[in-house]
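Structure, as structure tokens:
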Amino acid sequence: MRFALYQPPQAEHRPCPVLYFLAGLTCTEETAAIKAGAQRLAAELGLILVMPDTSPRDTGFDGATGDWEFGEGAGFYVDATEAPWSARFRMHSYVVDELPALIAANFPADTSRSGICGHSMGGHGALTIALKHPERYRSVSAFAPIVAPSQVPWGRKALPRYLGETPEAWADYDACELVRRQTFPGTILIDQGEADNFLEAQLKPELFDQACAEAGQPLLLRRHAGYDHSYWFISSFIDDHLRHHAETLV
Ligand SMILES: N[C@@H](CCC(=O)N[C@@H](CSC=O)C(=O)NCC(=O)O)C(=O)O
């Protein structure tokens, strides 16, 4: 597995908190590092940024490449249970367990102060991981997340192949379902562009808004007229996300 890491100047003197950024479909560990524009403020706030790849690579599995919505580059941050994917596609465990242990052992990181953020498929990853492991993350935020993969075409295509045909298995990785089981101790920040071409079919933030309201989960959902799904959108609001995380991490 590959990941990118930004280390702020403060890390030369003391352990720094960690913010994970999970990227979306077709992305690698380089995408957010190059395009999100997070490093300038992370340097000021003293945040280590960790940006993992979106799946294992060079798996050799039939069907793992050639479709941007499934397989390599589209790990959906689940632990697959279906063969052959279950042998390699274990992105949930990788992000929650393996990667933090690696970061703690090799970098001046205080992993007891961790936050998680993501975009689109990575927003789904950030929300589901934080909701499943609120003891591991002090803060969570997302850009244009897939909030209900059980109900939208991206999820309905990928989840059955990774997890089998049982809807209960998909619910374990569905933010709208998870927030009804267990809330996150803090406000979840979500930014969504109104000119996002995936908004109506794939993202449906109104479903998460409703689920959070019913569950009593504090949510700050900001909708921005004219913004699309791109990293131009992310780079426009990344500072607000870093400050949101720094409030509890620094
Ligand atoms: N190739 C697709 C578009 C793929 C795309 O938009 N990917 C997004 C994430 S979508 C959900 O997870 C992304 O972040 N791309 C990287 C980038 O640099 O923009 C198509 O042809 O429509």
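Some points to look at:
- Our summary gives the chain a relative contact order of 20 percent, counting only alpha carbon pairs under 8 angstrom and 6 or more residues apart.
- Overall form of the stretch 61-153 per C-alpha gyration tensor (a/c, 1.5; a/b vs b/c): oblate
- Across the stretch 78-85, computed HN-Hα scalar couplings (Karplus, 6.51 cos²θ - 1.76 cosθ + 1.60, θ = phi - 60°) run 10, 9, 4, 10, 9, 6, x, 4 Hz from first to last residue, x flagging Gly and Pro.
- For the chain, the 222 nm mean residue ellipticity estimated from helices alone, with every DSSP H stretch of n ≥ 4 adding -39500 (n - 2.57) and the total spread over all residues, rounds to -10000 deg cm²/dmol.
- Computed over the stretch 3-249, the P(r) curve from all C-alpha pair distances, binned at 10 Å from the origin, holds 8, 35, 38, 17, 2, 0 percent per bin.
- Positive-end ranking of Ile129, Ala158, Thr111 along the dipole of the chain, with charges on Cβ about the Cα centre, is headed by Thr111.
- Remark: the chain carries 40 Å² of accessible area per residue (probe radius 1.4 Å; ligands, DNA and RNA excluded).
- Charge dipole (Cα centre; +1 on Lys/Arg Cβ, -1 on Asp/Glu Cβ; no other charges) of the stretch 86-168 amounts to roughly 180 debye.
- Rounded to the nearest 20, the Cβ-based charge dipole of the stretch 1-51 about its Cα centre (Lys and Arg +1, Asp and Glu -1) stands at 40 debye.
- Loop-located chymotrypsin sites (Phe, Trp or Tyr not before Pro) across the stretch 64-113 with a Cβ neighbour count of 15 or fewer within 10 Å are Trp68, with loop assigned by DSSP.
- When +1 charges are put on Lys and Arg Cβ atoms and -1 charges on Asp and Glu Cβ atoms, the dipole computed for the chain relative to its Cα centre reaches about 440 debye.
- Gap separating the Cα centres of the stretch 113-142 and the stretch 197-250, nearest whole Å: 12 Å
- The alpha-carbon of Lys204 sits under 16 angstrom from the alpha-carbons of these aspartates and glutamates, leaving out residues fewer than 8 places away in its chain: Asp174, Glu177, Asp191, Glu194, Asp196, Asp228.
- Free of any GluC sites (Glu not before Pro) that DSSP assigns to a loop and that have at most 11 other C-beta atoms within 10 Å, the longest stretch within the chain is 1-134.
- For the stretch 8-14, the Karplus equation 6.51 cos²θ - 1.76 cosθ + 1.60, evaluated at θ = phi - 60°, returns couplings of x, x, 4, 5, 6, 10, 7 Hz by residue, with Gly and Pro reported as x.
- Accessible-area order (highest first, 1.4 angstrom probe) of the listed residues Asp79, Asp239: Asp239, Asp79
- Fraction of accessible area attributable to carbon and sulfur, the stretch 3-249 (%, probe 1.4 Å): 48 percent
The values are calculated or read from the model by the stated rules, or taken from the named source; none is laboratory data. Given the structure is predicted, the values throughout are model-derived calculations rather than measurements. Here the Cβ is made from the backbone with ideal geometry for all residues, glycine too, and neighbour counts use every protein chain on show. Only protein heavy atoms, including side chains, enter the accessible area calculation; ligands, DNA and RNA are left aside. Shrake-Rupley method; radii C 1.70, N 1.55, O 1.52, S 1.80 Å.
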